[in-house]
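Below is one structure, written out as structure tokens, with a few remarks after it.
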Amino acid sequence: MVLEVTDPAALSGTALESIAAEYGEPGGESAEERMQAEAAVREDGAEALASLIDPFDLVSEVPGVELTQASWSSETVDYDPDAPDDWDLEDEDDEGGDGDVPHNGEDDGEHSGASGGAERRI
């Protein structure tokens, strides 16, 4: 998933409001943890986004999907969605097709690895 942050100040501001509400609750985290969380969302858009969006909520209603790990990262890039070179999603896959999953995400048994599980890169 590629997101464009069109208003970094609004993103970090909303994240800071969320942190203030979370840490203001009785039994909340320590002041030191709050300060660390606030510093993280000010410095990194991925941290701000991660504090606002729960990856589990994004996929919990999708049939056949179980979230096993989630991570966020951010970087500033020149990105043009209309440029075909920017959409090279196969750059990490080998040309032989081993380990590939058919376009529908179902493992047909032909391309699965030794574990027998299907992997789908998004």
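List of remarks:
- Flag for residue 64 being out of contact with any Lys or Arg (no Cβ under 7 Å at 6 or more places or on another chain) and at positive phi: yes
- Screening residue 121 on (1) modelled with pLDDT of 80 or more; (2) under 19 Å from the mean Cα position of the chain (by Cα) shows it passes everything except condition (1).
- Among the residues of region 54-81, those that are outside any loop (DSSP other than H, G, I, E, B) and under 10 Å from the mean Cα position of the chain (by Cα) comprise 55, 58.
- Residue in region 58-74 that is closer than 19 Å to residue 8 by Cα and free of Cβ contacts under 8 Å to residues at least 24 places away in the same chain present: no
- Taking region 1-53 as the range and being part of a loop (DSSP other than H, G, I, E, B), under 20 Å from residue 75 (Cα atoms), free of Cβ contacts under 8 Å to residues at least 12 places away in the same chain and not polar (S, T, N, Q) as the test, the residues that pass are 7, 53.
- Test: residue in region 101-108 that is in a loop (DSSP other than H, G, I, E, B), in contact with a Lys or Arg (Cβ under 7 Å, 6 or more places away or on another chain) and at pLDDT below 70: yes
- Only one entry in 70, 37 is modelled with pLDDT of 85 or more and in contact with a Phe, Trp or Tyr (Cβ under 8 Å, 6 or more places away or on another chain), namely 37.
The values are calculated or read from the model by the stated rules, or taken from the named source; none is laboratory data. These numbers were taken from a predicted model, which means no experiment stands behind them. When we count neighbours, we look across all protein chains shown, and the Cβ atoms used for this are built from the backbone with ideal geometry, even at glycine.
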